[in-house]
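A short write-up of the structure that comes next.
Just so you know, all these numbers are worked out from the coordinates, no wet-lab data involved. Being a predicted model, the structure only gives us computed values, none of them experimental. Counting neighbours? That spans all protein chains shown, and the Cβs are built from the backbone with ideal geometry, glycine included.
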Amino acid sequence: MKYTATFALLILAIGIQTQRRSTICRCRQEDACWPTTAEWSSLNQSIDGKLRHLRPVGLPCQQSAYHKEKCDEVLAMTHNSSWRVDHPESLQLVSWESWPEKNQSCQIVREAVDGCAQGRIPLYSAAVESTKQVQQAVSFAKHRNLRLVVRNTGHDMAGRSSAPGSLQILTSGLKGINYTENFVPFITQGSAEPMGPAVTIGAGILTGELYATGSEKGFVVLGGACSTVGIAGGFIQSGGMGILSPSKGLGSDHVLQVEIVTADGSHIIANQYQNEDLFWAVRGGGGGTFGVITSVTLRAFADLPATVTGIQINTPSADAIFWAGVKTVLSILPELTDAGNSARMIVLPASSTGGASASFEGYTFNKKGAVSLLALQRALDDFGIPFKLSHDFQGNLSRFLAAPKGVDLAGISVIPGSVFLSYDLVASKDGPAKVTSALSDLRLGPGSSFSVDAFGGGQVVNNKNRINSAVHPDWRSALLSLTVGRGVPPGYTLETLKSIESELENDQLPRLRSLEGGRKGAYLAVAYPNEVYFQDSFWGKNYDRLLKVKRAWDPEDLFITRVGVGSERWDDEGMCTRADSGLWHALARF
Ligand SMILES: Cc1cc2nc3c(=O)[nH]c(=O)nc-3n(C[C@H](O)[C@H](O)[C@H](O)COP(=O)(O)OP(=O)(O)OC[C@H]3O[C@@H](n4cnc5c(N)ncnc54)[C@H](O)[C@@H]3O)c2cc1C
């Protein structure tokens, strides 16, 4: 009773205070404060001619602006992830290029007649190639009060690397890979301990590029599965999970040093010895939030052999046999990851070509892993579950990881929703059956899938007391990141989108969360992009500290992203502060 009264008074007090606060907006193109042509030109000069005006990637295909060769290229390359990396006017998930609330989109179809609007594509792009150029672009955005976004490859699944009416800092041109046998962190006073083999990369280095260099030099890093994702940007700032996670930990667990340009234009080096708060925050606190990372130093491991075992289950429909197969796979994941091995399974209960499919890939590095996968095959046989088996022995894991895979598909529209499933749940006697039952109850239709990423457990959990970083504490008890990918049909309407989002948010995610007693923890890189309680869902108890670090380094929120730290006081696109931002934030924390 006493608690309720105190709570009500607190809310009232904050509400009154909020009413007094006026809304602040970024400078928009239609505003008098928008930079003049001469001012844009001076920015262009200060970054050595690297400024570009962006128009949507589908523009050459519109009837009014039709250009056959350019349109042919767009149509041919639209699903090519590398091509999208190289086109700053595009994103990997096309749904984030549109702005359905304003009915703004630019369709990629030949001679489209509906017109082509800018949507969420930034208006200008500063394609930086040096730290000095990053500083110039940051200062320009700060002093002109512009909406600023940071984009590397455009893979973000919650639209964090774009925003309407914004200036984009494009980091993909910040290249460079330097391997060292014994990395010593930079320190201004005293001496730092050498940390062993490491590699320092520019912010624009793609995962595949780094693996390829590793395969030449004999090292491997903790990166993800998609060769066109950037490592230094969203991956490490999201936390970073990969094939090696159960044996080594998360990608962010192996960040040794970060160079970053902060909101006041300073170039900072953060590591365990200096700027420790920033160093803590950029390891899991979310991309585009604390500054522009220009380079990162990652621990390098000796390259190693691996066996990739494929198990393909196809049935005419998602019947009892199919789900028994899924359950059998889930059952072996605890022992597989205990021994430092990992796996991923993509489940399509209703594939567009008909039937149901579960595609499992196991990544094993030791005998125990091989034994677990043999046991899995025997169990599938015993239950009469038909499957196709493949084995691929890789002498060098880094060479295998460098090659593009099916997961590199781009130019599609997907709305993800995700949960962590704990080791304790999946390893419990009836855990796999409960999870399978929840998955089958979701009744996913064609174009939608589950991704079961067994990249937790093992060393991810063991690092609980060894690594102090901003990742959600639930990572340290998780075995799986389970993601539902809801496909969005081409040419969708706002109504279709809202209906898919509503199903995911109000029915499917709550069902999955009920497996863990309603806990909301999720891997922020693949989580539901409109998560209302994103603070709790993406960071748990780390959120309050993250907000303090954010306020200390970026008090005016120059770096703001959708569902990012500090974004509760801004509208969805980070253009104006919410009139009720103080109240909203206070409520969100309860
Ligand atoms: C097909 C696909 C496969 C994936 N596979 C994996 C996987 O195996 N493991 C995994 O952990 N994740 C995976 N992800 C998620 C991926 O790690 C995140 O989407 C990540 O944020 C992408 O980072 P990016 O820099 O490449 O993308 P971007 O969209 O360019 O950026 C992502 C975020 O980071 C910010 N950012 C980018 N560069 C910088 C910088 N230099 N400084 C500051 N902020 C920056 C952006 O503002 C944005 O907020 C996958 C995603 C997709 C779409």
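Data overview
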{"item": "Partnerless Cys - the chain, beta-carbon criterion under 4.7 Å", "result": "Cys226"}
{"item": "Dipole magnitude (debye, nearest 20) for region 93-225, charges at Cβ of Lys, Arg, Asp, Glu", "result": "480"}
{"item": "FRET efficiency, 1/(1 + (r/R0)^6) with R0 22 Å, evaluated for Leu409 and Gln312 via beta carbons", "result": "0.75"}
{"item": "Proximal aspartates and glutamates to Lys175, defined as alpha-carbon separation beneath 15 angstrom and excluding residues fewer than eight positions away on the same chain", "result": "Asp86, Glu129, Glu209, Glu259"}
{"item": "Structure-based [θ]222 nm, the chain - -39500 (n - 2.57) summed over DSSP H runs of at least 4, per residue, nearest 500", "result": "-8500 deg cm²/dmol"}
{"item": "Percent of Cα-Cα distances greater than 19 Å, calculated over region 299-365", "result": "41"}
{"item": "Sparse-neighbourhood loop sites, chymotrypsin sites (Phe, Trp or Tyr not before Pro) in region 327-408 - DSSP loop, at most 13 other Cβ within 10 angstrom", "result": "Phe383"}
{"item": "Region 37-170: Rg to Rh, with Rh as the Kirkwood radius over Cα pairs", "result": "0.98"}
{"item": "For Val292, Val563, order by how many other beta-carbon atoms lie within 10 Å, fewest first", "result": "Val563, Val292"}
{"item": "Per-residue Cβ neighbour rank within 10 angstrom, fewest leading, Glu101, Glu516", "result": "Glu101, Glu516"}
{"item": "P(r) weight above 20 Å for region 268-416, C-alpha pairs, percent", "result": "62"}
{"item": "31 Å Cα-Cα threshold exceeded, pairs from Lys217/Lys548; Lys327/Lys368; Lys429/Lys498; Lys68/Lys102", "result": "Lys217/Lys548; Lys429/Lys498"}
{"item": "Local electrostatic count, Lys388, Cβ distance below 15 Å [Lys/Arg +1, Asp/Glu -1]", "result": "-3"}
{"item": "Longest to shortest principal axis, alpha-carbon extents of the chain, angstrom", "result": "73, 69, 63"}
{"item": "Calculated FRET efficiency for the pair Glu216/Asn366, C-beta based, R₀ 22 Å, to 0.05", "result": "0.30"}
{"item": "Straight-distance crosslink candidates among lysines, where the alpha carbon sits under 16 Å from Lys367 and sequence neighbours closer than 8 are dropped", "result": "none"}
{"item": "Sorted by Cβ density within 10 Å, fewest first, the residues Tyr124, Tyr523, Tyr533", "result": "Tyr533, Tyr124, Tyr523"}
{"item": "Estimated inter-spin distance, Ser351 and Ala302, nm [label 7 Å along Cα→Cβ]", "result": "4.0"}
{"item": "Net length gained if the chain between Gln63 and Arg551 were fully extended (0.36 nm per residue, minus Cα distance)", "result": "170.9 nm"}
{"item": "Eligible aspartates and glutamates near Lys541 by straight Cα distance, threshold 15 Å, same-chain separation 8 or greater", "result": "Asp474"}
{"item": "Gain in span if fully extended, Val184 to Gln377, counting 0.36 nm per residue against the direct Cα distance", "result": "64.9 nm"}
{"item": "Calculated FRET efficiency for the pair Cys33/Lys132, C-beta based, R₀ 22 Å, to 0.05", "result": "0.30"}
